[in-house]
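Worksheet: the structure to be examined is printed underneath.
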Protein chains: 2
Amino acid sequence: MSYTAPIKDMLFVMKELAGLDEIAALPGYEDANVETAQAVLEESAKFCGEVLAPLNVAGDRHPSSWRDGTVTTTPGFIDAFRQFTAGGWQSLQHPVEYEGQGLPKLLATPCLEMLNAANLSFALCPMLTDGAIEALLTAGSETQKQTYVPKLLSGVWTGTMNLTEPQAGSDLALVRTRAEPQPDGTYKLFGTKIFITWGEHDMADNIVHLVLARTPDAPEGVKGISLFIVPKFVVGADGSIGERNDVHCVSIEHKLGIKASPTAVLQFGDHGGATGYLIGEANRGLEYMFIMMNAARFAVGMQGVAVSDRAYQKAVAYAKERVQSRPVDGSAKEPVSIIHHPDVRRMLATMRSLTEAARALAYVAAAHRDIAHRHPDATTRAEHQAVYEFLVPIVKGWSTELSLDVASLGVQVHGGMGFIEETGAAQYYRDARILPIYEGTTAIQANDLVGRKTLRDGGEVAKQLLAQIGQTVEALGAQRGAAFESMRQQLAHGQRALQAAVNFVVWNAKNDPNAVFAGSVPYLKLAGIVLGGWQMARAMLAAAGKLDEDRSFYQAKIATAQFFAEHVLPQAAALETSIVSARGGEGVLALTEDQF
Amino acid sequence: MSYTAPIKDMLFVMKELAGLDEIAALPGYEDANVETAQAVLEESAKFCGEVLAPLNVAGDRHPSSWRDGTVTTTPGFIDAFRQFTAGGWQSLQHPVEYEGQGLPKLLATPCLEMLNAANLSFALCPMLTDGAIEALLTAGSETQKQTYVPKLLSGVWTGTMNLTEPQAGSDLALVRTRAEPQPDGTYKLFGTKIFITWGEHDMADNIVHLVLARTPDAPEGVKGISLFIVPKFVVGADGSIGERNDVHCVSIEHKLGIKASPTAVLQFGDHGGATGYLIGEANRGLEYMFIMMNAARFAVGMQGVAVSDRAYQKAVAYAKERVQSRPVDGSAKEPVSIIHHPDVRRMLATMRSLTEAARALAYVAAAHRDIAHRHPDATTRAEHQAVYEFLVPIVKGWSTELSLDVASLGVQVHGGMGFIEETGAAQYYRDARILPIYEGTTAIQANDLVGRKTLRDGGEVAKQLLAQIGQTVEALGAQRGAAFESMRQQLAHGQRALQAAVNFVVWNAKNDPNAVFAGSVPYLKLAGIVLGGWQMARAMLAAAGKLDEDRSFYQAKIATAQFFAEHVLPQAAALETSIVSARGGEGVLALTEDQF
């Protein structure tokens, strides 16, 4: 099998770090106990491993293709999508009122990881559909919800998000697509949208495009953008499919990776106007988008974890099989499998520890979201929502950035074979490259972390987390052995470094915004390393108490955490120097535009 | 123009850091004065920019292709190669006795950089020919030199290096290709070689394959490998081309990048045996290879510099052109070109400073090689050869590893457009990925740095360099301003970190080889960062004295060095922690093979 979901690791994180029992005690999540979780994960692992993973290479070699406005997906995708939706996988975390299964995000997240690890290109279609569902549930009318959501959940239809235009990428203030009101209350849309993931395909009966556009009287900038439903086929009052709408796929992109996922250029209104329906109130489109954006960004962060794990699994398999050179310590006279060579071991341990840390941080974030969603106490809900929102840009930014390093190391472990496309390691290196770009680049995530997530509350959430890290540092001090001592020292250093960076951000953002924003990506990476390291520390503490249950498994958790402490956490100090001591921006901005 | 050679930067490094005047004073290099250097660089820049650079995208979209044993290169390559050799570019640094131009390596190196920046795939053909020339000059008989070298220099023929076999990659002890002696003193070769760069093509009349193989009575392992000439067409005593030899290209690889460069599988002896001629003595093939390996590894290091600079140039051009979002400091009400955003500036400064540091280190290494080659005093020659050999694995390993980061940032600067192949930024990301793998992976370079280059002389050369860094730290203290103070602090930290790592390697390699070799790649990276930072420090000191001559240019040198000090050099401490404090290997090797 080319991908085996790490169920045991996933359950460990869910139970020991993310508090699955606590989540299962929340009202509405009673079914989400350990037994259910295990059963769901096993079923998901089976489907992803057997059906979707083998199609991953096929998608790369036989990408979706465009002809005369229609897109033909990779052979096998239509059937796989039918199985995916028939298995109920689209509806896991959506509300039961609209025929969803209402499971906690903590349980849906490992399934999301598996889906993406098995087939990143395929997984994007349900991910975009999830986004459309969230937007409709957030701001749609009851009729809109009833008309679209069950169809999207069942996979009869899929959804897309239409934000980007040629001149409007990160900067949505520049959106120009027009929406002209009609006497019957509908709108006619005119414009061009680019980079529309799964914007056209042959896997579903209809495609529900959610589109950002401006009404004629809208104010300039981001406060004049509204959100519209523009279905590929107009939908009748009874939910039946009517005539073809005036939205057409004029081309798809030739991309570095995720080639099976069609990235469409959509043309609206070339034949009289595309019929659209306003969602919520006019001019509040971006606000609605931002509500659902946390979910989408979290999901892309999970793509980073997923592709990392897939690359890791492939590299480990190769390193155990490939025989080359004698060991440096003279322990064998014959060549050995390359996993015995220290640098190969170092590369694999880097891949493994980064992946585990990013996974743990994401699952913990998911649990905060569940508490924010379901806890009976409003203050508790608000507190956990704040932590979740603080973590989202880190999960998105850090997990995707590290996935580049992990996928690159995966190629390196394969040596020359890694550069040959037939081997498959190169696909992860290519696929991963989009992750720090789409759904908000790393810089956009870092701006969010600095602006909305750190400055707005004066660093309050950050400081709460830092205090909790301090408690973990203390707990590490009560354990014996080099592994715990390494982690105690490095996590303490990391905590101080992150503390200093938070203070720098809070104190300087107003007076010296350039310096702060020049250090924003380093700040995001620092936060990822320290918060990820914190989860690794919690993991080793949990493992220490369970060694008798399964010595090899829990010992590996301790060893992986030690590696993270010794080889990843030390970077925190370097980042602190760049952000704080060097005042981030000064060195950056010393070069003028002309000097570049 | 898609690539403009940075002649001014190159000359600055040659003059101020690598001592061009001193090189031009060496016997035999009298012609290599500043005026000649400038003229050669300008001519090279013109050819590379106008002829080779435009073919780079063509090579990616229309790779070399195989059919029935023959390889057809990208349209335009045949003519470009004709122009390349007609211009004398193959012969720059080769000896005048064999019709070369005998120029110093310091002058040939910027030309090599331009060639690779313009077209990495194309440049590999002359690079491999250079390797064959070096091997022949090193160990060939006078007849062999006279027969092959002038033809290789003039580009009538090209050369290849045949080392790798399916089971023998990094581990050449496993080579199995057989060479059976014939009554006439020639050999018949039988075997399969893979990953043979430019192993078959249509740009030259003949291809001179240099092949590692074993004679029947050869000892096991690396001490039983001999080196043979196996021409594609057998060469007569008068140098005329005879019958087709029994070496055939059975396929070429489908690769992640450098697609125009055909990577051949060569089959020797399927039709009775390929005629080969022994070079030098039997069983000394690997030794001969190692002599020329320094040159080949240096050249691949330059490929890292080259692709980095090309990626940087493209990213800068896009960042100056693409308009998106208002500045964070409120200095404009309208969206600005993205180079005004601090994080874009940070990415570009990272790309620029890494590229400049790697270039400076490589050129300085080239100057050491020239002194080693031409200085009248034998002791001086030996000292400089030792420094050159110490620097080669660092130039190769560090420059190529950083080229991955630089090319990746180049994609990131482009945002979503970077992921579209049409844009071109993705090609550098794909092309660069082979650089830390071929001609010895980074781990192989790091083993060389630890073993042959640090342990063998007890860290002597390393300590000499560290002492010189100390002098630069002192010189920085005499300058005023934040830039110099940042560099002084960070270079001093870096020097101490590298010192500690050298001591760790020297003291522990025998007792605890696993710990040392688990830290070998971090040690190589640390050496690269500190030695690269040292060159940046030297550059800013040189610039400080010349501000009045050209304020913008020299101020940019100071600002770029400041950025390197504040954003790259701080990583030295993190690497020291991983190598020394954490004793490298312990955390790495705590996980058993089964636990992966």
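Annotations for the structure displayed:
- Residue within the stretch B:382-400 that is within 14 Å of another protein chain (Cβ to nearest Cβ), aromatic (Phe, Trp, Tyr) and either crowded, with 24+ Cβ neighbours inside 10 Å or within 21 Å of residue B:257 (Cβ to Cβ) (or both) present: no
- Flag if residue A:362 is surrounded by fewer than 24 Cβ atoms within 10 Å (Cβ to Cβ), more than 10 Å from chain B (Cβ to nearest Cβ) and small (Gly, Ala, Ser): no
- Candidates B:367, B:378 - the one that is closer than 27 Å to residue B:16 by Cβ and more than 14 Å from chain A (Cβ to nearest Cβ): B:367
- Counting the residues of the stretch A:398-418 that are of a type in the set (Gly, Ala, Ser), under 20 Å from residue B:418 (Cβ atoms) and touching a residue at least 60 places away in the same chain (Cβ under 8 Å) gives 3.
- On the stretch given as the stretch B:300-325, residues that are within 8 Å of chain A (Cβ to nearest Cβ) and part of a loop (DSSP other than H, G, I, E, B) total 2.
- The listed residue being facing another protein chain (nearest Cβ under 10 Å) and either at pLDDT 95 or above or closer than 28 Å to residue A:449 by Cα (or both), out of A:331, A:353: A:353
- Any hit, the stretch B:468-481, residues being within 12 Å of chain A (Cβ to nearest Cβ) and more than 30 Å from residue B:256 (Cβ to Cβ): yes
- Cβ-Cβ under 8 Å pairs, at least 6 apart or on other chains, the stretch B:419-435 side farther than 16 Å from residue A:416 by Cα and at the interface with chain A (Cβ under 7 Å from one of its Cβ atoms), far side in a helix (DSSP H, G or I) and among the small types (Gly, Ala, Ser): B:419/B:426; B:420/B:426; B:426/B:418; B:429/B:311; B:429/B:407; B:429/B:408; B:429/B:410
- From the options B:552, B:581, residue that is within 11 Å of chain A (Cβ to nearest Cβ), out of contact with any helix residue (DSSP H, G or I) (no Cβ under 7 Å at 6 or more places or on another chain) and farther than 18 Å from residue A:578 by Cα: B:581
- Summed over the stretch B:224-240, residues that are in contact with a Lys or Arg (Cβ under 9 Å, 6 or more places away or on another chain) and either closer than 20 Å to residue B:194 by Cβ or at pLDDT 95 or above (or both) total 8.
- The residue list A:109, A:138, A:147 contains one member that is in contact with a helix residue (DSSP H, G or I) (Cβ under 6 Å, 6 or more places away or on another chain), of a type in the set (S, T, N, Q), in a helix (DSSP H, G or I) and surrounded by fewer than 24 Cβ atoms within 10 Å (Cβ to Cβ), which is A:138.
- Screening residue A:595 on (1) more than 8 Å from chain B (Cβ to nearest Cβ); (2) free of Cβ contacts under 8 Å to residues at least 60 places away in the same chain; (3) not hydroxyl-bearing (Ser, Thr, Tyr) shows it passes everything except condition (1).
- The lone exception for residue B:277 - which of (1) in a strand (DSSP E or B); (2) in contact with a helix residue (DSSP H, G or I) (Cβ under 8 Å, 6 or more places away or on another chain); (3) closer than 27 Å to residue B:119 by Cα it fails: (3)
- Hits in the stretch B:550-596 (condition: part of a loop (DSSP other than H, G, I, E, B) and either surrounded by fewer than 24 Cβ atoms within 10 Å (Cβ to Cβ) or within 28 Å of the chain's Cα centre (by Cα) (or both)): B:550, B:568, B:569, B:570, B:583, B:584, B:590, B:591, B:592, B:596
- The set of residues from the stretch A:203-220 being in contact with a Pro (Cβ under 8 Å, 6 or more places away or on another chain) and either of a type in the set (Val, Ile, Thr) or not assigned by TED's automatic domain parsing to the domain that holds residue A:175 (or both) comprises A:207, A:208, A:215.
- Each residue in the stretch B:52-74 was checked for being touching a helix residue (DSSP H, G or I) at 6+ places or on another chain (Cβ under 7 Å) and closer than 25 Å to residue B:232 by Cα, and 2 of them qualify.
- Failed criterion for residue A:468 (all others in (1) surrounded by fewer than 24 Cβ atoms within 10 Å (Cβ to Cβ); (2) under 30 Å from residue B:196 (Cα atoms); (3) polar (S, T, N, Q) hold): (2)
- Residue satisfying all of: in the stretch A:559-571; at the interface with chain B (Cβ under 8 Å from one of its Cβ atoms) and of a type in the set (A, V, I, L, M, F, W, C); farthest from residue A:506 (Cα to Cα) among these: A:559
- Residue in the stretch B:288-298 that is more than 21 Å from the chain's Cα centre (by Cα) and farther than 18 Å from residue B:429 by Cα present: no
- Conditions (1) out of contact with any Leu (no Cβ under 8 Å at 6 or more places or on another chain); (2) in contact (Cβ under 8 Å) with a residue 12 or more places away in the chain; (3) of a type in the set (Ser, Thr, Tyr): number failed by residue A:581: (2)
- Options B:168, B:173; residue that is without any contact (Cβ under 8 Å) to a residue 12 or more places away in the chain and under 25 Å from residue B:282 (Cα atoms): B:168
- Restricting B:521, B:530, B:506, B:502 to those that are at the interface with chain A (Cβ under 9 Å from one of its Cβ atoms) and part of a helix (DSSP H, G or I) reduces the list to B:521.
- Qualifying residue in the stretch A:276-285 (condition: surrounded by fewer than 21 Cβ atoms within 10 Å (Cβ to Cβ), touching a Cys at 6+ places or on another chain (Cβ under 9 Å) and of a type in the set (A, V, I, L, M)): no
- Criterion violated by residue B:258 - all others in (1) buried (at least 24 other Cβ atoms within 10 Å of the Cβ); (2) in a helix (DSSP H, G or I); (3) within 13 Å of chain A (Cβ to nearest Cβ); (4) of a type in the set (A, V, I, L, M, F, W, C) satisfied: (2)
The values are calculated or read from the model by the stated rules, or taken from the named source; none is laboratory data. Just so it is clear, the structure is predicted and the values come from calculations on it, not from any experiment. Counting neighbours? That spans all protein chains shown, and the Cβs are built from the backbone with ideal geometry, glycine included.
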